[in-house]
1. How do the pairs read when you match residues in the range A:53-65 that are outside the structural domain of A:Thr16 (by TED's automatic domain parsing) and among the aromatic types (Phe, Trp, Tyr) with residues anywhere that are assigned to a helix (DSSP H, G or I) and modelled with pLDDT under 90, using Cβ under 6 Å and keeping only pairs 6 or more apart or on different chains?
2. Residues that are free of Cβ contacts under 8 Å to residues at least 60 places away in the same chain, within 13 Å of chain B (Cβ to nearest Cβ) and within 17 Å of A:Gly102 (Cβ to Cβ): list the strands (runs of 3 or more DSSP E) wholly contained in the range A:132-246 that include at least 2 such residues.
3. Check B:Ala125, B:Ala117 and return the single one that is part of a helix (DSSP H, G or I), small (Gly, Ala, Ser), within 21 Å of B:Leu194 (Cβ to Cβ) and out of contact with any Asp or Glu (no Cβ under 8 Å at 6 or more places or on another chain).
4. So A:Gln79 clears everything in (1) assigned by TED's automatic domain parsing to the domain that holds A:Glu163; (2) assigned to a helix (DSSP H, G or I); (3) among the polar types (S, T, N, Q) except one condition, right? Which one?
5. For the range B:185-200, which residues satisfy the criterion of being buried (at least 17 other Cβ atoms within 10 Å of the Cβ) and either polar (S, T, N, Q) or more than 27 Å from A:Ala87 (Cα to Cα) (or both)?
6. If I filter the range A:58-77 for residues that are at positive phi, at pLDDT below 85 and touching a Leu at 6+ places or on another chain (Cβ under 6 Å), do I get at least one hit?
7. Does B:Ala126 qualify as being touching a residue at least 12 places away in the same chain (Cβ under 8 Å), touching a Pro at 6+ places or on another chain (Cβ under 8 Å) and crowded, with 21+ Cβ neighbours inside 10 Å?
8. Being in contact with a Lys or Arg (Cβ under 7 Å, 6 or more places away or on another chain), among the acidic types (Asp, Glu) and within 30 Å of B:Phe47 (Cβ to Cβ) narrows it down to one residue among A:Glu175, A:Glu155, A:Glu135; which is it?
There are 2 protein chains.
Amino acid sequence: MTVLYMKNADNISEFTIYRLSIYKRCLEQLERENLKTVSSKDFAARFGLNSAQVRKDLAYFGEFGIRGMGYPITTLKKQILSILGLAESSSGQKTWNAVLIGAGKIGTALLKYQHFANYGFEIVAAFDAAPESSEYAQQQQAGLVDTPIPLYPFEQLEQTISEQPTDIAILATSEENAQEIVNRLTRAGIHGILSFVPVQLLVPPDVKVRTIDIIAELQCLTYHLHSEALTQAENADETDSESHTT
Amino acid sequence: MTVLYMKNADNISEFTIYRLSIYKRCLEQLERENLKTVSSKDFAARFGLNSAQVRKDLAYFGEFGIRGMGYPITTLKKQILSILGLAESSSGQKTWNAVLIGAGKIGTALLKYQHFANYGFEIVAAFDAAPESSEYAQQQQAGLVDTPIPLYPFEQLEQTISEQPTDIAILATSEENAQEIVNRLTRAGIHGILSFVPVQLLVPPDVKVRTIDIIAELQCLTYHLHSEALTQAENADETDSESHTT
């Protein structure tokens, strides 16, 4: 079974991988409800997903569904965990170490988030251009940080990463600093970056960047609202001219 | 020109819309560098984009490119702004009003973000299950909030929205509260929701939800890192067995 997804790994789109993570969460919900199996149709309806899409996504990883019975929930969840690199081994769940760069507003919110461990992640260190005056330091001084994470100046990035195995960097710097920090991260061996900075980052082909762009997401909504308003105005126009001609 | 994108609006994928927002930002960067035109090839190379994708995305909106000269930067930027519902009118830039629901860690980071206005957004009110003990209230008491935004209990959601025109809701509640709040928001006439809550939300077809799922994004990275490690292990195995057989 392991071989199946390894062989296909190059053909799986990032969109599929993202959806697998969503499916995993939905399967966990069904597990909590003590369900054992679920059809792709029921699964899709329950969580507002597209059932054809669900079947297609899961087909990449071999035949999970049992005709007439649907997917075995726990088995499928475990398989997805394994695909995502989050499978539990005999020594417990794999934990991926992350560093956070830029202890501003968003960075601080992430540093204060206590539940990364539930998902197999741990932020082991943070970095800022000016640690002592950073948002994180201010909140710590105000007694608003429960379990502090060590915060270093940018200068200590390479040394800290070399001393502590680090898989992922979460980027929440200023736009000006982002590319240079990314260059340093990739030279230091980091191959996975989650960026909250709204700039296009250039990285070597073996480095994966995922960007969370809050403004772009909001603009997808305004596109929708704007189109809706235009359509309504158009329809109103048509109704209006019809009422004139009849 | 306006008619072009209205006619095609139904055929444009969300992915294209998202990328248009990215292109807009890149075009603004080129404007700051006083460039007048750019070819799709140079544009793609400069920002690490796919030039075929760029041409395909922009083709939805008619022929912007001038053969041999490329795209006129300012015209294209304005056209994208218009498509996204962010065009300036004679009365200045359109501002989209948003409410934020859930004044926890991420919600507070967003409430403290001072630059939404630059992108045509304003958070006009915030809501929390327990405003007085919320993260936002705590930071405010500690003197860490510069320009406070009014924070109300959930009970006042409908009334506040009815009194103040609201286009968008930003959702940062607990998982337990999310669907019920979304039901109330859609009944109150909200058609655009940006959710930071990692649950699948069910909404009527005319309501657009965009979800920012930090855990799913991180799991896309672990998939990549895990696949890379598997490939390396496989290659090492092959090298190993080759060295044994020769």
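The values are calculated or read from the model by the stated rules, or taken from the named source; none is laboratory data. From a predicted model like this one, the values you see are computed outputs, not experimental measurements. Don't worry about glycine lacking a Cβ; one is built from the backbone with ideal geometry, like all the others, and counts go over all protein chains shown.
1. none
2. Correct list: A:192-195, A:208-211.
3. Every option except B:Ala117 fails the conditions.
4. For A:Gln79, the failing item is (1).
5. Scanning the range B:185-200 gives B:Leu185, B:Thr186, B:Ile190, B:His191, B:Gly192, B:Ile193, B:Leu194, B:Ser195, B:Gln200.
6. Among the residues of the range A:58-77, at least one is at positive phi, at pLDDT below 85 and touching a Leu at 6+ places or on another chain (Cβ under 6 Å), which makes the answer yes.
7. Taking the combined requirement at face value, the residue satisfies it.
8. Being in contact with a Lys or Arg (Cβ under 7 Å, 6 or more places away or on another chain), among the acidic types (Asp, Glu) and within 30 Å of B:Phe47 (Cβ to Cβ) holds for just one of A:Glu175, A:Glu155, A:Glu135, which is A:Glu135.
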